[in-house]
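The values are calculated or read from the model by the stated rules, or taken from the named source; none is laboratory data. Keep in mind that this is a model prediction, so the values were computed, not measured. No Cβ is skipped: glycine too gets one built from the backbone with ideal geometry, and neighbour counts run over all protein chains shown.
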Amino acid sequence: MLATPAAAQMSPPVPPAVIPTQCTGAVHGQFDFWIGNWNVFRTNDAQSLVGTSTVDKIYNGCAIRETWSPFTMLLGGSLNTWDKHRGKWRQIWIDADNSLVDFEGGLADGRMVLTGLWRGLFGAGKDALMRMSYAPLADGSVRQVGETSIDGGKTWQAAFDFTYRRRPDFPHP
């Protein structure tokens with residue numbers, strides 16, 4: 001019978017408990033105005049409901065997740081966080097067409113403004129910059145405006161203009 005060294009019979013050491021980061025600083029609350037359960041309308045037509053969106057804070061307050069459920073467009077969602085290394089807000093958008101867009105930006109004039117390169121936005125090989133701005137409105141709703149640029153950001157064209165209104169069947173967070 002072979003002798004087994006005592007060290008091999010001992011349990012491995014237990015790593016120290018990991019204390020999660022608390023994302024409670026002011027910068028982590030900059031996008032909180034978007035948190036909620038929303039009915040989403042075309043801004044220029046208050047009766048034109050285009051979809052619903054659920055936006056919640058997750059991961060110990062370090063991320064904001066959107067689940068976008070449009071009625072006629074592609075399902076999708078985003079994960080948003082303050083990137084402490086870049087000193088910017090980041091949004092990763094993924095949709096049912098297998099698009100993945102990495103946006104970045106931050107607060108500008110009271111709006112969250114995020115810009116990213118959307119590969120194939122206008123068809124195969126037809127990439128465009130997408131710039132989105134989110135503005136909290138006095139009535140508690142949020143306006144999201146999207147613009148595209150095919151010339152590297154020299155000029156911008158309107159893509160969409162939505163107003164998020166709180167769903168009455170969900171309480172305000």
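Filtering the stretch 95-106 to residues that are part of a strand (DSSP E or B) and either charged (D, E, K, R) or under 19 Å from Phe162 (Cα atoms) (or both) leaves Asp95, Asp102, Phe103, Glu104. Contact annotation: residue pairs with Cβ atoms under 8 Å, 6 or more positions apart or on different chains, pairing a residue in the stretch 129-150 that is under 13 Å from Tyr164 (Cα atoms) with a partner that is among the small types (Gly, Ala, Ser) and not in a strand (DSSP E or B), are Ala135/Gly110; Pro136/Gly110.
Once the stretch 57-99 is narrowed to residues that are of a type in the set (A, V, I, L, M, F, W, C) and loosely packed, with under 13 Cβ neighbours inside 10 Å, the residue that is farthest from Trp34 (Cα to Cα) is Ala96.
Of all residues in the stretch 23-57, those satisfying the criterion of being farther than 13 Å from Tyr134 by Cβ and either hydrophobic (A, V, I, L, M, F, W, C) or not in a strand (DSSP E or B) (or both) are Cys23, Thr24, Gly25, Ala26, Val27, His28, Gly29, Phe41, Asn44, Ala46, Leu49, Val50. Can we say Thr72 is assigned to a loop (DSSP other than H, G, I, E, B), within 24 Å of Met130 (Cβ to Cβ) and either at pLDDT below 95 or not hydroxyl-bearing (Ser, Thr, Tyr) (or both)? In short, yes.
Quick one: in the stretch 1-47, which of the residues that are aliphatic (A, V, I, L, M) and at pLDDT 90 or above is surrounded by the fewest Cβ atoms within 10 Å (Cβ to Cβ)?
Among residues in the stretch 1-47 that are aliphatic (A, V, I, L, M) and at pLDDT 90 or above, the one surrounded by the fewest Cβ atoms within 10 Å (Cβ to Cβ) is Ala26.
One residue is enough: does the stretch 115-126 have a residue meeting the conditions modelled with pLDDT of 95 or more and under 15 Å from Asp32 (Cα atoms)? No, there is no match, as no residue in the stretch 115-126 is modelled with pLDDT of 95 or more and under 15 Å from Asp32 (Cα atoms).
Residues checked against (1) assigned to a loop (DSSP other than H, G, I, E, B); (2) hydroxyl-bearing (Ser, Thr, Tyr):
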site: Thr81; (1), (2): no, yes
site: Gly123; (1), (2): yes, no
site: Ala138; (1), (2): yes, no
site: Gln144; (1), (2): no, no
